[in-house]
Amino acid sequence: LTLLSWVIYIPLQILFVPIALVGGSVLAYRQIIVSKRLGVSQTAIEIINGRWAMHVFDLRDDEPTVKLAATLPNNYIFGLWLCLLPLWVKYKISGKQALYPRVAAAGAETVVDLVIARTLQFDRIIDRVSSQVEQFVILGAGYDTRAYGKLKQVSITCFELDQTEVQQHKLESLQSAGISSEHVIFVSVDFTSESMFEKLILAGFDPAKKTLFLWEGVSLYLSEAQVRRTMQDVRQHAAVGSVLLADIYGEIFIKFANKGMQKKALDLTDEGLDFSLDFSTDFEKTLSTFIESEDLKVGESYFLGHKSDKGPYVAVVEMIVDRKA
Ligand SMILES: C[S@@+](CC[C@H](N)C(=O)[O-])C[C@H]1O[C@@H](n2cnc3c(N)ncnc32)[C@H](O)[C@@H]1O
(Lines give C-alpha, C1' and ligand atoms only; values in the text may rest on other atoms or scores of the structure.)
Protein backbone atom coordinates (compact mmCIF):
# COMPACT_ATOMS: atom_id res chain seq x y z
CA LEU A 1 0.00 0.00 0.00
CA THR A 2 2.90 2.36 0.69
CA LEU A 3 4.18 1.83 -2.84
CA LEU A 4 0.69 2.29 -4.30
CA SER A 5 0.26 5.49 -2.29
CA TRP A 6 3.44 6.93 -3.84
CA VAL A 7 2.37 5.86 -7.33
CA ILE A 8 -0.88 7.77 -6.90
CA TYR A 9 0.61 10.65 -4.94
CA ILE A 10 3.35 11.72 -7.36
CA PRO A 11 1.19 12.43 -10.46
CA LEU A 12 -1.58 13.86 -8.26
CA GLN A 13 0.89 16.22 -6.63
CA ILE A 14 2.22 17.34 -10.03
CA LEU A 15 -1.34 17.96 -11.19
CA PHE A 16 -2.01 19.94 -8.04
CA VAL A 17 0.99 22.27 -8.34
CA PRO A 18 -0.90 25.13 -10.07
CA ILE A 19 -4.00 24.63 -7.90
CA ALA A 20 -1.91 24.59 -4.73
CA LEU A 21 -0.08 27.72 -5.89
CA VAL A 22 -3.36 29.60 -6.20
CA GLY A 23 -4.71 28.27 -2.88
CA GLY A 24 -1.39 28.91 -1.14
CA SER A 25 -1.20 32.46 -2.51
CA VAL A 26 -4.67 33.39 -1.26
CA LEU A 27 -3.78 31.85 2.10
CA ALA A 28 -0.50 33.82 2.26
CA TYR A 29 -2.35 37.02 1.30
CA ARG A 30 -4.93 36.58 4.05
CA GLN A 31 -2.35 35.47 6.60
CA ILE A 32 -0.05 38.43 6.01
CA ILE A 33 -2.12 41.29 4.61
CA VAL A 34 -5.43 40.68 6.38
CA SER A 35 -3.59 40.07 9.68
CA LYS A 36 -1.77 43.38 9.19
CA ARG A 37 -5.05 45.15 8.52
CA LEU A 38 -6.62 43.64 11.64
CA GLY A 39 -3.51 44.47 13.67
CA VAL A 40 -3.03 40.83 14.74
CA SER A 41 -0.28 38.21 14.62
CA GLN A 42 0.32 36.41 11.30
CA THR A 43 2.63 33.80 12.81
CA ALA A 44 -0.20 32.61 15.06
CA ILE A 45 -1.93 31.50 11.80
CA GLU A 46 1.10 29.38 10.96
CA ILE A 47 0.71 27.62 14.28
CA ILE A 48 -3.06 27.04 14.20
CA ASN A 49 -2.76 25.71 10.64
CA GLY A 50 -0.01 23.30 11.72
CA ARG A 51 -2.32 22.01 14.46
CA TRP A 52 -5.23 21.89 12.00
CA ALA A 53 -3.11 19.62 9.77
CA MET A 54 -2.24 17.43 12.77
CA HIS A 55 -5.95 16.93 13.47
CA VAL A 56 -6.88 16.25 9.84
CA PHE A 57 -4.03 13.73 9.48
CA ASP A 58 -4.97 12.03 12.78
CA LEU A 59 -1.81 12.99 14.64
CA ARG A 60 -3.59 14.89 17.40
CA ASP A 61 -7.21 15.34 18.37
CA ASP A 62 -8.14 19.04 18.37
CA GLU A 63 -11.72 19.81 17.39
CA PRO A 64 -11.66 23.44 18.70
CA THR A 65 -8.67 24.20 16.45
CA VAL A 66 -10.51 22.90 13.38
CA LYS A 67 -13.56 25.04 14.20
CA LEU A 68 -11.57 28.16 15.05
CA ALA A 69 -9.21 27.89 12.05
CA ALA A 70 -12.21 27.79 9.71
CA THR A 71 -13.72 31.02 11.01
CA LEU A 72 -10.65 33.27 11.12
CA PRO A 73 -10.89 36.05 8.49
CA ASN A 74 -7.09 36.09 8.16
CA ASN A 75 -6.99 32.39 7.28
CA TYR A 76 -8.06 30.28 4.28
CA ILE A 77 -8.63 26.63 5.09
CA PHE A 78 -9.79 25.81 1.56
CA GLY A 79 -6.38 27.00 0.32
CA LEU A 80 -4.70 24.82 2.91
CA TRP A 81 -6.74 21.86 1.67
CA LEU A 82 -5.62 22.56 -1.90
CA CYS A 83 -2.00 22.47 -0.73
CA LEU A 84 -2.35 19.31 1.34
CA LEU A 85 -4.95 17.22 -0.51
CA PRO A 86 -2.46 15.03 -2.43
CA LEU A 87 -0.64 14.23 0.82
CA TRP A 88 -3.95 13.52 2.52
CA VAL A 89 -4.97 11.10 -0.26
CA LYS A 90 -1.58 9.42 0.11
CA TYR A 91 -2.11 9.16 3.86
CA LYS A 92 -5.59 7.67 3.44
CA ILE A 93 -4.25 4.99 1.05
CA SER A 94 -1.19 3.97 3.03
CA GLY A 95 -2.40 4.72 6.57
CA LYS A 96 0.95 6.43 7.20
CA GLN A 97 1.78 10.13 7.34
CA ALA A 98 4.66 11.18 5.10
CA LEU A 99 6.54 14.42 4.34
CA TYR A 100 4.00 16.72 6.05
CA PRO A 101 2.56 16.57 8.61
CA ARG A 102 4.49 13.67 10.16
CA VAL A 103 6.11 12.58 13.40
CA ALA A 104 9.82 12.78 12.64
CA ALA A 105 12.32 10.40 14.22
CA ALA A 106 13.73 11.74 17.49
CA GLY A 107 16.52 14.21 16.79
CA ALA A 108 15.89 14.21 13.03
CA GLU A 109 13.20 16.95 13.11
CA THR A 110 13.67 19.53 10.35
CA VAL A 111 12.32 23.06 10.20
CA VAL A 112 9.29 21.69 8.28
CA ASP A 113 8.45 19.59 11.37
CA LEU A 114 8.71 22.56 13.74
CA VAL A 115 5.04 23.13 14.64
CA ILE A 116 4.20 19.44 14.76
CA ALA A 117 7.20 18.34 16.82
CA ARG A 118 7.04 21.32 19.12
CA THR A 119 3.29 20.89 19.76
CA LEU A 120 3.75 17.20 20.66
CA GLN A 121 6.59 17.98 23.07
CA PHE A 122 4.56 20.75 24.74
CA ASP A 123 1.48 18.48 24.95
CA ARG A 124 3.46 15.76 26.67
CA ILE A 125 4.80 18.06 29.38
CA ILE A 126 1.44 19.88 29.79
CA ASP A 127 -0.29 16.52 30.32
CA ARG A 128 2.06 15.67 33.17
CA VAL A 129 2.27 19.10 34.83
CA SER A 130 -1.40 20.09 34.54
CA SER A 131 -2.45 17.46 37.07
CA GLN A 132 -0.11 19.04 39.64
CA VAL A 133 -1.17 22.68 39.31
CA GLU A 134 -4.30 24.74 39.97
CA GLN A 135 -3.80 27.52 37.43
CA PHE A 136 -2.84 27.52 33.76
CA VAL A 137 -1.57 30.78 32.26
CA ILE A 138 -0.93 31.03 28.54
CA LEU A 139 1.50 33.84 27.69
CA GLY A 140 1.04 35.06 24.11
CA ALA A 141 -1.88 32.67 23.60
CA GLY A 142 -2.62 33.61 19.98
CA TYR A 143 -5.02 30.96 18.64
CA ASP A 144 -4.00 28.26 21.12
CA THR A 145 -7.05 26.11 21.92
CA ARG A 146 -5.71 24.05 24.80
CA ALA A 147 -8.01 25.85 27.23
CA TYR A 148 -11.03 24.71 25.18
CA GLY A 149 -10.10 21.03 24.93
CA LYS A 150 -8.81 18.56 27.50
CA LEU A 151 -8.00 21.22 30.10
CA LYS A 152 -11.63 22.28 30.22
CA GLN A 153 -12.44 18.90 31.81
CA VAL A 154 -10.01 19.27 34.73
CA SER A 155 -10.59 21.83 37.46
CA ILE A 156 -7.90 24.30 36.59
CA THR A 157 -8.29 28.07 36.22
CA CYS A 158 -7.22 29.18 32.74
CA PHE A 159 -5.86 32.62 31.88
CA GLU A 160 -4.93 33.76 28.39
CA LEU A 161 -2.56 36.69 27.90
CA ASP A 162 -1.98 38.50 24.63
CA GLN A 163 -2.22 41.92 23.05
CA THR A 164 -5.64 43.63 23.12
CA GLU A 165 -6.32 43.42 19.36
CA VAL A 166 -5.34 39.75 19.19
CA GLN A 167 -7.64 38.86 22.09
CA GLN A 168 -10.57 40.87 20.78
CA HIS A 169 -10.28 39.16 17.44
CA LYS A 170 -9.89 35.72 19.06
CA LEU A 171 -12.97 36.25 21.23
CA GLU A 172 -15.08 37.25 18.22
CA SER A 173 -13.76 34.29 16.25
CA LEU A 174 -14.40 31.83 19.11
CA GLN A 175 -17.96 33.09 19.25
CA SER A 176 -18.46 32.65 15.48
CA ALA A 177 -16.98 29.16 15.77
CA GLY A 178 -19.48 28.28 18.53
CA ILE A 179 -16.73 27.64 21.10
CA SER A 180 -17.59 28.69 24.64
CA SER A 181 -14.89 30.76 26.33
CA GLU A 182 -16.69 31.64 29.55
CA HIS A 183 -14.35 29.54 31.68
CA VAL A 184 -11.25 31.36 30.37
CA ILE A 185 -10.03 34.66 31.84
CA PHE A 186 -8.64 36.95 29.14
CA VAL A 187 -5.99 39.41 30.30
CA SER A 188 -4.66 41.84 27.73
CA VAL A 189 -1.02 42.75 28.17
CA ASP A 190 1.95 43.95 26.16
CA PHE A 191 4.97 42.08 27.52
CA THR A 192 7.34 44.76 26.27
CA SER A 193 5.86 47.55 28.36
CA GLU A 194 3.54 46.17 31.04
CA SER A 195 3.80 44.03 34.17
CA MET A 196 1.90 40.82 33.51
CA PHE A 197 1.58 39.90 37.20
CA GLU A 198 -0.05 43.18 38.16
CA LYS A 199 -2.68 42.54 35.49
CA LEU A 200 -3.00 38.85 36.31
CA ILE A 201 -3.61 39.51 40.02
CA LEU A 202 -6.27 42.11 39.19
CA ALA A 203 -7.94 39.44 37.06
CA GLY A 204 -8.05 36.93 39.92
CA PHE A 205 -4.74 35.07 39.63
CA ASP A 206 -3.63 33.67 42.99
CA PRO A 207 0.17 33.86 43.44
CA ALA A 208 -0.02 31.27 46.24
CA LYS A 209 -1.30 28.55 43.90
CA LYS A 210 1.00 26.35 41.84
CA THR A 211 0.75 27.42 38.22
CA LEU A 212 1.77 26.22 34.79
CA PHE A 213 2.85 29.12 32.58
CA LEU A 214 2.81 28.15 28.93
CA TRP A 215 5.17 30.33 26.89
CA GLU A 216 5.04 28.72 23.48
CA GLY A 217 6.25 30.46 20.35
CA VAL A 218 6.83 33.78 22.07
CA SER A 219 10.44 34.10 23.37
CA LEU A 220 11.80 34.42 19.82
CA TYR A 221 9.96 37.74 19.28
CA LEU A 222 11.40 39.31 22.44
CA SER A 223 14.80 40.77 23.29
CA GLU A 224 17.08 38.94 25.71
CA ALA A 225 16.26 41.56 28.36
CA GLN A 226 12.51 40.95 27.91
CA VAL A 227 12.96 37.18 28.04
CA ARG A 228 14.98 37.49 31.23
CA ARG A 229 12.42 39.88 32.73
CA THR A 230 9.61 37.38 32.16
CA MET A 231 11.69 34.63 33.79
CA GLN A 232 12.46 36.93 36.75
CA ASP A 233 8.79 37.89 37.07
CA VAL A 234 7.71 34.25 37.22
CA ARG A 235 10.43 33.41 39.72
CA GLN A 236 9.41 36.34 41.95
CA HIS A 237 5.64 36.05 41.77
CA ALA A 238 4.80 32.38 41.23
CA ALA A 239 4.42 29.76 43.95
CA VAL A 240 7.16 27.20 44.52
CA GLY A 241 6.55 24.22 42.24
CA SER A 242 5.23 26.41 39.42
CA VAL A 243 6.53 25.74 35.92
CA LEU A 244 7.40 28.05 33.03
CA LEU A 245 7.23 25.91 29.91
CA ALA A 246 8.84 27.47 26.84
CA ASP A 247 10.54 26.98 23.51
CA ILE A 248 13.94 28.63 23.22
CA TYR A 249 15.35 28.94 19.71
CA GLY A 250 18.85 28.28 18.43
CA GLU A 251 20.77 31.04 16.62
CA ILE A 252 20.75 28.91 13.50
CA PHE A 253 16.94 29.07 13.30
CA ILE A 254 16.66 32.80 13.95
CA LYS A 255 19.32 33.58 11.32
CA PHE A 256 17.50 31.38 8.80
CA ALA A 257 14.05 32.88 9.48
CA ASN A 258 15.25 36.46 9.79
CA LYS A 259 16.32 37.14 6.24
CA GLY A 260 14.93 37.90 2.77
CA MET A 261 11.23 37.51 2.03
CA GLN A 262 10.47 35.91 5.40
CA LYS A 263 11.87 38.89 7.25
CA LYS A 264 9.92 41.35 5.09
CA ALA A 265 6.70 39.43 5.74
CA LEU A 266 7.36 39.28 9.51
CA ASP A 267 8.13 43.00 9.62
CA LEU A 268 4.71 43.77 8.12
CA THR A 269 3.01 42.60 11.32
CA ASP A 270 5.84 43.75 13.60
CA GLU A 271 6.95 40.21 14.33
CA GLY A 272 10.69 40.53 13.80
CA LEU A 273 12.68 37.75 15.47
CA ASP A 274 15.22 38.42 18.17
CA PHE A 275 16.17 36.20 21.11
CA SER A 276 18.13 32.99 20.60
CA LEU A 277 20.93 30.93 22.15
CA ASP A 278 23.92 29.37 20.41
CA PHE A 279 23.14 25.64 20.35
CA SER A 280 25.95 24.74 17.91
CA THR A 281 28.07 23.14 20.68
CA ASP A 282 27.19 21.68 24.07
CA PHE A 283 23.56 22.77 23.72
CA GLU A 284 22.37 21.19 26.97
CA LYS A 285 24.92 23.13 28.97
CA THR A 286 24.17 26.37 27.07
CA LEU A 287 20.47 26.06 27.88
CA SER A 288 20.90 25.08 31.53
CA THR A 289 23.46 27.83 32.13
CA PHE A 290 21.01 30.37 30.76
CA ILE A 291 18.06 29.12 32.83
CA GLU A 292 20.06 28.74 36.02
CA SER A 293 21.41 32.28 35.58
CA GLU A 294 17.83 33.38 36.33
CA ASP A 295 17.62 31.09 39.35
CA LEU A 296 15.17 28.66 37.80
CA LYS A 297 15.67 24.90 37.76
CA VAL A 298 15.74 22.92 34.52
CA GLY A 299 13.13 20.17 34.44
CA GLU A 300 12.37 18.11 31.34
CA SER A 301 13.81 19.33 28.05
CA TYR A 302 13.80 18.22 24.43
CA PHE A 303 15.93 19.54 21.57
CA LEU A 304 14.43 19.43 18.07
CA GLY A 305 16.97 18.38 15.44
CA HIS A 306 19.52 17.35 18.07
CA LYS A 307 21.11 14.78 15.76
CA SER A 308 22.01 17.42 13.17
CA ASP A 309 25.72 18.31 12.79
CA LYS A 310 24.79 21.95 13.23
CA GLY A 311 23.08 21.27 16.54
CA PRO A 312 19.38 21.55 17.44
CA TYR A 313 17.32 24.52 16.26
CA VAL A 314 14.95 24.78 19.20
CA ALA A 315 14.53 23.46 22.72
CA VAL A 316 11.26 22.83 24.54
CA VAL A 317 12.07 23.24 28.20
CA GLU A 318 10.39 23.09 31.57
CA MET A 319 11.74 25.73 33.98
CA ILE A 320 10.80 25.13 37.59
CA VAL A 321 10.42 27.64 40.42
CA ASP A 322 12.04 25.50 43.09
CA ARG A 323 12.49 27.87 46.01
CA LYS A 324 11.08 31.10 47.34
CA ALA A 325 12.45 34.30 45.79
C1 LIG B 1 3.54 32.61 17.15
S2 LIG B 1 2.23 33.17 18.10
C3 LIG B 1 2.10 31.79 19.20
C4 LIG B 1 0.73 31.63 19.70
C5 LIG B 1 0.48 30.50 20.69
N6 LIG B 1 1.34 30.55 21.84
C7 LIG B 1 0.54 29.17 20.03
O8 LIG B 1 1.53 28.44 20.20
O9 LIG B 1 -0.41 28.83 19.32
C10 LIG B 1 2.93 34.45 19.11
C11 LIG B 1 1.91 35.17 19.98
O12 LIG B 1 2.61 36.03 20.91
C13 LIG B 1 1.93 37.27 21.00
N14 LIG B 1 2.90 38.31 21.37
C15 LIG B 1 4.05 38.60 20.73
N16 LIG B 1 4.65 39.66 21.31
C17 LIG B 1 3.84 40.04 22.34
C18 LIG B 1 3.90 41.08 23.31
N19 LIG B 1 4.89 41.96 23.33
N20 LIG B 1 2.90 41.18 24.21
C21 LIG B 1 1.87 40.31 24.20
N22 LIG B 1 1.75 39.28 23.31
C23 LIG B 1 2.72 39.17 22.38
C24 LIG B 1 1.37 37.49 19.60
O25 LIG B 1 0.28 38.39 19.58
C26 LIG B 1 0.97 36.06 19.19
O27 LIG B 1 -0.36 35.78 19.50
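What is the range 191-310 by shape, rounded, prolate or oblate, if you read a ≥ b ≥ c off the alpha carbon gyration tensor as root eigenvalues and call it rounded for a/c under 1.5, prolate for a/b larger than b/c, and oblate otherwise? Oblate, since a/c reaches 1.5 and b/c is not below a/b. Here each label is just a point 7 Å from Cα along the line to Cβ, and for Lys307 and Gln232 those points are 4.1 nm apart. Can you give the % of DSSP beta bridges in the range 205-325 that are antiparallel, to the nearest 5? Of the beta bridges lying entirely in the range 205-325, close to 70 percent run antiparallel. Accessible surface computed residue by residue for the range 1-48, with neighbouring protein chains in place and a 1.4 Å probe, gives 58 Å² per residue.
Build a GNM of the chain with springs between Cα atoms under 10 Å apart, and of Glu134, Glu46, Glu194 the one that fluctuates most is Glu194. Taking each of Lys150/Lys170; Lys150/Lys264; Lys259/Lys307 in turn, the alpha-carbon distance tops 28 angstrom for Lys150/Lys264. For the range 256-325, the solvent-accessible area works out to 54 Å² per residue, with a probe of 1.4 Å and every protein chain left in place.
Taking max minus min of the alpha-carbon positions on each principal axis, the range 116-193 gives extents of 32, 32, 27 Å, largest first. Rolling a 1.4 Å probe over the protein heavy atoms gives the range 132-228 an accessible area of 42 Å² per residue. In the range 105-195, taking the dipole from charged Cβ atoms about the Cα centre, the farthest positive-side position among Gln163, Leu139, Ile125 is held by Ile125. Relative contact order for the range 98-242: 25 percent, from Cα pairs under 8 Å spaced at least 6 residues apart, divided by residue count.
Give me the percent of accessible area attributable to carbon and sulfur for the chain, probe 1.4 angstrom.
57
Over the chain, what number does the Rg to Rh ratio reach, with both radii from the alpha-carbon atoms and Rh per Kirkwood? Rg/Rh for the chain comes to 0.96. Length available on full extension from Ile8 to Lys324: 0.36 nm per residue minus the Cα-Cα distance, which gives 107.7 nm. Which helices, taking whole DSSP H runs in the chain, have alpha carbons extending 27 angstrom or more along the helix axis plus mean Kyte-Doolittle at least 1.0? Correct list, ordered by number: 2-29.
Entry note, the chain: relative contact order of 18 percent, from Cα contacts under 8 Å with a spacing of 6+ residues.
Calculated from DSSP H runs of 4 or more alone, at -39500 (n - 2.57) each and per residue, what is the 222 nm mean residue ellipticity of the chain, nearest 500? My calculation for the chain gives -14500 deg cm²/dmol from helical runs alone.
Residue separation times 0.36 nm, minus the C-alpha to C-alpha distance between Ser288 and Glu63: what's the value? Extra length from Ser288 to Glu63 when fully extended: 77.4 nm.
Here the relative contact order of the range 22-97, from alpha carbon pairs under 8 Å that lie six or more residues apart, stands at 40 percent.
The values are calculated or read from the model by the stated rules, or taken from the named source; none is laboratory data. As the structure is a prediction and not an experimental result, all values here were calculated from the model. No Cβ is skipped: glycine too gets one built from the backbone with ideal geometry, and neighbour counts run over all protein chains shown. Accessible surface areas use protein heavy atoms only, side chains included; no ligands, DNA or RNA. Shrake-Rupley method; radii C 1.70, N 1.55, O 1.52, S 1.80 Å.
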